[in-house]
């Protein structure tokens, strides 16, 4: 029993439907949050209705404060109704007439229970009628939410065969509610895990990134491996299980396990998308660039995501595991490391990359980030310097390649943030350059 149900933001839409003699309910993520007594703020309110797509458009297209926008779901009876500019997905009650594991052929129905019976899991087959203040739960989804179990609506094998993406949606729903997949559904997933290859790379990618964005999303690769899904989703990452064991490591973790543990400990403020990206960096930090690129491009990940993960994989292992560079050359080594990263990183992204590297290294423990952060605050790009070639020329260096070499040397030594400190360092470097020239 739900103790209290908040009034949905979409209430005015339901009032219009009700006034026109149509039934409408809230379904999906909003109801999962209500049923598990979580905050619904910011949660999508998906709406299902007995009104046909044509009736939906007629009701809202010209009504004040409302509008109807096109979207990719129109062929399946889903439209976007805008209420004061805020979009809500509105879908007509449906009944499947044919499914091939990727696409479903549907017809409209005016029966809500029929529509709920075609849904994947019981936690997604709960509806709320805000006009009558009534919860419709024919498949006991609320009880499953209380038990934190993801269970199929009806036969799990049939539910999976209707859309093989449900192989991934089931563990994602379990992660969303902080629970587990019901044993019968789990068995069906394992037996059909190979069918995941029938699902488009883009759909698989989207499910994975949503999963990695959850609070406990760091554990996603372990769950997927246990369900025999990881080998079809991220084959290179899956191949690291049992590889790279280090006898000196206190727990003798392999590369896969080390990546998961890094993802557990890595923290950066930001969005769910940012957290998902950081976790991918954690998994691939010690893997080869070829393997990393193969997995991510195999899922059609955006180039900017692939580039950011590859950048971490290229440089993470250069940070000493003991937390410090050699004592005598520590500042210079830190500068060389940062300049190497900067050569492959746009200036606008450099600060974020440094924090990502630090966050991942902190997750392994035994690391003091203060010296590296301090070194990163000094100029790393020529354009950040407060001195230029004219200053070098004024100190007696003749025009030519030598000017650029002096400025490059200035970046390597750590010139300080002020113009005064940079001029002082510049004078020292010019003097050294002259002495070297005279000695030859």
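Each value in this text was obtained by applying a stated rule to the coordinates, not by laboratory testing. Note that the structure is a prediction, hence the values are computed from the model and not measured. Cβ: placed from backbone, ideal geometry, glycine included. Neighbour counts: every protein chain shown.
A few comments on the model shown:
- Cα shape, the stretch 165-308, gyration tensor, a/c 1.5 rule: rounded
- Histogram of C-alpha separations across the stretch 242-364, 10 Å bin width, %: 12, 43, 35, 9, 0
- Note on the stretch 417-434 and the stretch 265-319: Cα centroid distance 38 Å, given to the nearest whole angstrom.
- The helix-only estimate of mean residue ellipticity at 222 nm for the chain, built from DSSP H runs of length n ≥ 4 each weighted as -39500 (n - 2.57), is -14500 deg cm²/dmol after division by the residue total.
- Helix 255-265 axis, angle to the chain major axis (alpha carbon atoms, nearest 10°): 80
- Percent RCO, i.e. relative contact order, over the stretch 242-364, from Cα pairs under 8 Å lying at least 6 residues apart: 29
- Structural descriptor for the stretch 135-198: relative contact order 37 percent, calculated from alpha carbon pairs under 8 angstrom and at least 6 residues apart.
- With contacts taken as Cα pairs under 8 Å at a separation of at least 6 residues, the chain carries a relative contact order of 8 percent.
- Given [x] 65; [y] 35; [z] 48, the label whose value is percent of Cα pairs over 34 Å apart derived from this model: [z]
- Shape metrics for the stretch 388-440, restricted to C-alpha atoms - Rg then Dmax, Å: 10.5, 33
- Virtual spin-label span in nm between residue 191 and residue 65, 7 Å along Cα→Cβ: 5.2
- With 0.36 nm allotted per residue and the present C-alpha distance subtracted, the residue 377-residue 408 stretch has 9.5 nm of extension available.
- Gaussian network model of the chain, Cα within-10 Å springs - most flexible of 187, 258, 32: 187
- Acute angle (nearest 10 degrees) that the helix 166-176 long axis makes with the longest principal axis of the chain, alpha-carbon atoms: 80
- When the Gaussian network model of the chain links Cα atoms closer than 10 Å, the mean-square fluctuations of 91, 359, 183 top out at 183.
- In this label model, residue 108 and residue 241 are separated by 4.7 nm, measuring between points 7 Å along each Cα→Cβ vector.
- Gyration tensor verdict on the stretch 82-236 (Cα atoms; rounded if a/c is under 1.5, prolate if a/b is larger than b/c, oblate otherwise): prolate
- Overall form of the stretch 11-145 per C-alpha gyration tensor (a/c, 1.5; a/b vs b/c): oblate
- Max mean-square fluctuation residue, GNM over the chain, Cα-Cα springs under 10 Å, options 237, 423, 145: 423
- Inter-part distance where the stretch 339-415 and the stretch 1-41 are each reduced to a Cα centre, Å: 54
- Summary of packing: across the peptides 267-273, 80-86, the per-residue average of other C-beta atoms within 10 Å ranks them, highest first, as 80-86, 267-273.
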